[in-house]
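Novice: Here it is, the structure in full.
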Amino acid sequence: PENVTLKDIMDTLPKEVFEIDDLKALKSVLISVTSYTLGLFMIAKSPWYLLPLAWAWTGTAITGFFVIGHDCAHKSFSKNKLVEDIVGTLAFLPLVYPYEPWRFKHDRHHAKTNMLVHDTAWQPVPPEEFESSPVMRKAIIFGYGPIRPWLSIAHWVNWHFNLKKFRASEVNRVKISLACVFAFMAVGWPLIVYKVGILGW
């Protein structure tokens, strides 16, 4: 209904859903770190036919890291903002995502959600473009559709590693995040490959 605002909906929720609980936050970190560590162990020790299960387990654990970083970016993880910045940065390292650039872009995404040409993350093919001709439909379905996951890599590089995409007030924090990611790539990846093998990378 048009007369219902987001505030109206939020006012119906109990206050405890908005409370930050540092103990629950710590528990979520421990669960994700333990699950990820166990996943790497399974990758290192599993016979080849169990590797898909180990990869799925580890991928799910890494999703937990994303959720933690996401909560840190929304300032809903801890009452201490420095803790959120540190935990968010560390949580995003196995994802090879620089936390601060992602946080800045994610804030803009929320500010422009569903504003199709302005949203930094969500730009679907407009229906009129899809329906414009049978050739266009086939091009989108069989061309653009299959390569879209690969295009997300270009999006990742363009939106998170390009300093020109950020305000002057954000650049120093972005540089620190980028340095952390590059350090993880230089040290973390070789260490994982050394301990777990190339299949754990």
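Throughout, read-outs are computed from the coordinates displayed, never taken from laboratory work. For clarity, every value in this text was computed on a predicted model and none was experimentally measured. As a convention, Cβ positions derive from the backbone with ideal geometry for all residues, glycine included, and neighbour counts pool all protein chains shown.
Novice: Which residues, taken from the range 156-201, are part of a loop (DSSP other than H, G, I, E, B), of a type outside the set (D, E, K, R) and within 18 Å of Tyr99 (Cβ to Cβ)?
Specialist: Pass one, the range 156-201, residues part of a loop (DSSP other than H, G, I, E, B): 161-162, 166-170, 197, 201.
Now drop any that are not of a type outside the set (D, E, K, R), which leaves 161-162, 166, 168-169, 197, 201.
Answer for the range 156-201, where residues must be part of a loop (DSSP other than H, G, I, E, B), of a type outside the set (D, E, K, R) and within 18 Å of Tyr99 (Cβ to Cβ): Phe161, Asn162, Phe166, Ser169.
Novice: Given the structure, is Ala139 more than 22 Å from Lys165 (Cα to Cα), hydrophobic (A, V, I, L, M, F, W, C) and touching a Gly at 6+ places or on another chain (Cβ under 6 Å)? Please lay out each step first, then the result.
Specialist: Working: more than 22 Å from Lys165 (Cα to Cα): yes; hydrophobic (A, V, I, L, M, F, W, C): yes; touching a Gly at 6+ places or on another chain (Cβ under 6 Å): no.
No.
Novice: Of all residues in the range 87-124, how many are surrounded by fewer than 16 Cβ atoms within 10 Å (Cβ to Cβ), part of a loop (DSSP other than H, G, I, E, B) and at negative phi?
Specialist: Adding up the residues that qualify gives 10.
Novice: Restricting attention to the range 35-43, does a residue exist that is touching a helix residue (DSSP H, G or I) at 6+ places or on another chain (Cβ under 8 Å) and outside any helix (DSSP H, G or I)?
Specialist: For the range 35-43, residues touching a helix residue (DSSP H, G or I) at 6+ places or on another chain (Cβ under 8 Å) and outside any helix (DSSP H, G or I): absent.
Novice: State which residue pairs qualify: first residue among the small types (Gly, Ala, Ser) and inside the range 1-17, second residue exposed (fewer than 10 other Cβ atoms within 10 Å of the Cβ) and in a helix (DSSP H, G or I) in any location, beta carbons under 8 Å apart, and separation of 6 or more residues or different chains.
Specialist: none
Novice: Taking Pro127, is it of a type outside the set (A, V, I, L, M) and farther than 25 Å from Thr58 by Cα?
Specialist: Details: of a type outside the set (A, V, I, L, M): yes; farther than 25 Å from Thr58 by Cα: yes.
Yes; evaluated as a whole, the condition is true for this residue.
Novice: Could you please find all residues in the range 12-29 being among the hydrophobic types (A, V, I, L, M, F, W, C) and under 15 Å from Asn80 (Cβ atoms)? Show your work before the answer.
Specialist: Our first condition is that a residue be among the hydrophobic types (A, V, I, L, M, F, W, C); within the range 12-29, this holds for 13, 17-18, 20, 23, 25-26, 29.
Once the filter is applied, which keeps residues that are among the hydrophobic types (A, V, I, L, M, F, W, C) and under 15 Å from Asn80 (Cβ atoms), the range 12-29 yields Ile20, Leu23, Ala25, Leu26, Val29.
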